[in-house]
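Beneath this line is the structure, given in structure tokens, with notes to follow.
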Amino acid sequence: MPPEPLEYRNDLLFFSGISIQELAERFGTPLYVYSESSICRSIDLYRKGAGKRLHRICFAVKALSNISILRLMARESCGADIVSGGELFRAMKAGIEPSQIVFSGVGKSAGEIREALEADILLFSVESEEELGLISRIASERNKIARISLRMNPDVDANTHPYISTGLRENKFGIDRGSLLNIYKKILSMPGLDAAGIGFHIGSQLTGLSPFQDAASILSQTARLAREMGINLRYIDVGGGLGISYNGDPVPGPDEYARQVCKSLDFPDIEIIFEPGRSLVGNAGILISRVLFVKDTPEKKFYICDAAMNDLIRPSLYQAYHGIWPEKKSQNTVRADLVGPVCETGDFLAQDRMMGSFSSGDLLAVASAGAYGSVMSSNYNSRPRAAEVMVGSERAVLIRKREDYNDLIRGEEI
Ligand code: LLP
């Protein structure tokens with residue numbers, strides 16, 4: 001079964017009510033396509049799970065930062081979780097209120113901190129004592145108060161790919177859980193700071209709920225002690241991290257996840273901030289590509305398509321699995337590699353996989369490519385970046401033009 005919103009109608013592949021063929025003919029390939037209704041459904045599931053509990057959803061902009069997507073988030077009353085001045089710029093351009101923005105990340109520059117303070121964002125999620133000192137200095141110089149949240153490193157294993165695990169003691173993220181209370185104590189005498197929150201983010205693509213529950217229970221103990229110490233906590237930021245199903249295996253939905261997280265945090269007067277990325281947009285996007293050549297070697301069959309690692313790097317970087325769905329439902333399957341034109345052996349979208357058989361010219365959809373797809377694309381091999389399209393109420397709209405050769409050399413000097 002293809003993940004929603006992909007489906008076969010009379011053996012032809014449709015995405016969110018429009019045929020892959022129509023999308024490819026209108027906008028060319030490779031092409032990213034997103035489904036508005038699918039994104040909205042996932043947002044609703046978060047809200048349903050959180051129920052009456054005071055909460056806010058701050059979309060992790062890094063997962064899919066096109067400003068049309070961010071505009072949709074604003075319309076759906078979501079805020080943003082940002083990790084750079086560039087993401088602050090995008091979020092504000094899209095109409096997300098600064099009062100709904102959380103600034104995460106281990107390496108905020110003084111310039112970025114100034115910009116976020118001027119904008120008066122909701123919270124800085126602070127990851128080290130040095131960062132805290134810098135925020136305090138910048139805020140007091142400007143007679144401002146920065147609302148901050150300390151990001152705890154709870155030392156729990158997220159059971160995910162090591163590159164996207166962030167809550168272990170050896171990871172660069174967060175503040176060691178044993179030092180947190182001492183730092184809250186220091187904040188009480190530091191100028192320009194309002195210690196308004198506490199949080200964690202333990203990793204991405206988590207397919208079980210127990211690491212979240214473990215982190216929540218460790219955080220709860222510290223939050224209680226911090227309050228006793230006179231820290232006026234109003235926010236608990238639980239980060240993002242809920243996984244999606246890439247291969248059909250069951251994964252808890254946002255409703256179940258949000259319900260469990262809320263249950264694990266017994267502070268009715270504290271607002272919970274969710275920072276989902278992948279679970280809002282991952283399964284709501286595909287990458288459409290066309291097969292250029294079929295190459296049979298004595299060793300293997302290769303389908304060479306027009307999308308490559310520069311368009312979608314997840315398979316090469318994390319050995320990630322993405323479903324490959326042929327435009328025409330195919331009865332016979334073959335073992336093959338689906339590769340791109342980039343000059344690297346590491347350039348593949350699927351490796352040694354049973355998939356539908358293709359001829360040159362055929363179209364296919366790489367599934368679950370909405371999150372960390374287009375945002376991680378590059379111009380490697382001087383390949384212009386793909387166009388992006390959003391489908392809303394059965395209408396497809398271009399939300400990012402395909403790059404051309406002039407885009408490739410913009411800013412370069414001869
Ligand atoms: N909050 C913080 C502080 C984060 O660092 C992240 C993701 C999120 C929220 C959103 O996490 P999500 O809900 O999407 O799991 N490029 C990798 C994923 C990197 C995630 C980085 N941080 C991938 O393609 O799998």
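For the stretch 51-277, the antiparallel share of DSSP beta bridges with both residues in that region comes to about 5%.
Extension gain, R71 to E344, is 94.6 nm, computed as 0.36 nm per intervening residue step minus the present C-alpha separation. Annotation note: trypsin sites (Lys or Arg not before Pro) in the stretch 35-73 located in DSSP loop regions with a Cβ neighbour count of at most 15 within 10 Å are K52. Of all alpha-carbon pairs in the stretch 51-277, indicate the percentage at a distance above 28 angstrom. Tail fraction, whole percent: 25. Mark the label point 7 Å from the Cα of E256 along Cα→Cβ and return the residues of the stretch 267-286 whose backbone N is within less than 20 Å of it. Counting only backbone N, you get 275-284. Over the Cα atoms of the chain, the radius of gyration divided by the Kirkwood radius equals 1.00; this is the Rg/Rh ratio.
Rank G243, G203, G133 by mean-square fluctuation in a GNM of the chain with C-alpha springs under 10 angstrom and give only the top-ranked residue. In this elastic network of the chain, the residue with the biggest mean-square fluctuation among G243, G203, G133 is G133.
Around the amide H of N153, modelled in the peptide plane, lie the amide H atoms of I175, D176, R177, all under 5 Å away and 5 or more residues distant in sequence or on another chain.
If you plug the beta carbon distance of C40 and M1 into 1/(1 + (r/R0)^6) with R0 = 25 Å, you get a FRET efficiency near 0.70. Within the stretch 146-191, the trypsin sites (Lys or Arg not before Pro) that combine a DSSP coil assignment with at most 16 other C-beta atoms in a 10 angstrom radius are R169, K172.
Placing dummy labels 7 Å off each Cα toward the beta-carbon, the span from N381 to E271 is 4.7 nm.
From the Kirkwood radius over Cα pairs of the stretch 263-334, Stokes-Einstein at 25 °C and 0.890 mPa s returns a whole-number translational diffusion coefficient of 149 µm²/s.
Shape analysis of the stretch 78-163 places it in the oblate category; the axes a ≥ b ≥ c from the Cα gyration tensor give an a/c of at least 1.5, with a/b not above b/c. Here the calculated FRET efficiency for Q351 and L134, from their Cβ-Cβ distance with R0 = 56 Å, stands at 0.80, rounded to the nearest 0.05. If R0 equals 41 Å, the separation of the Cβ atoms of E22 and K185 corresponds to a calculated FRET efficiency of about 0.10. Residues of the stretch 351-389 with the amide nitrogen closer than 20 Å to a label point 7 Å from the Cα of E412, along Cα-to-Cβ, please. The answer is 377-387, whose backbone nitrogens lie closer than 20 Å to the label point. Distance distribution P(r), the stretch 310-407, all Cα-Cα pairs, bin width 5 angstrom from 0: 2, 11, 19, 22, 21, 16, 7, 2, 0 percent.
FYI, it's all coordinate maths here, none of it is from the lab. Keep in mind that what you see is a predicted model, and the values were worked out from it rather than measured. Backbone-built Cβ (ideal geometry, glycine too); neighbour counts: all protein chains shown.
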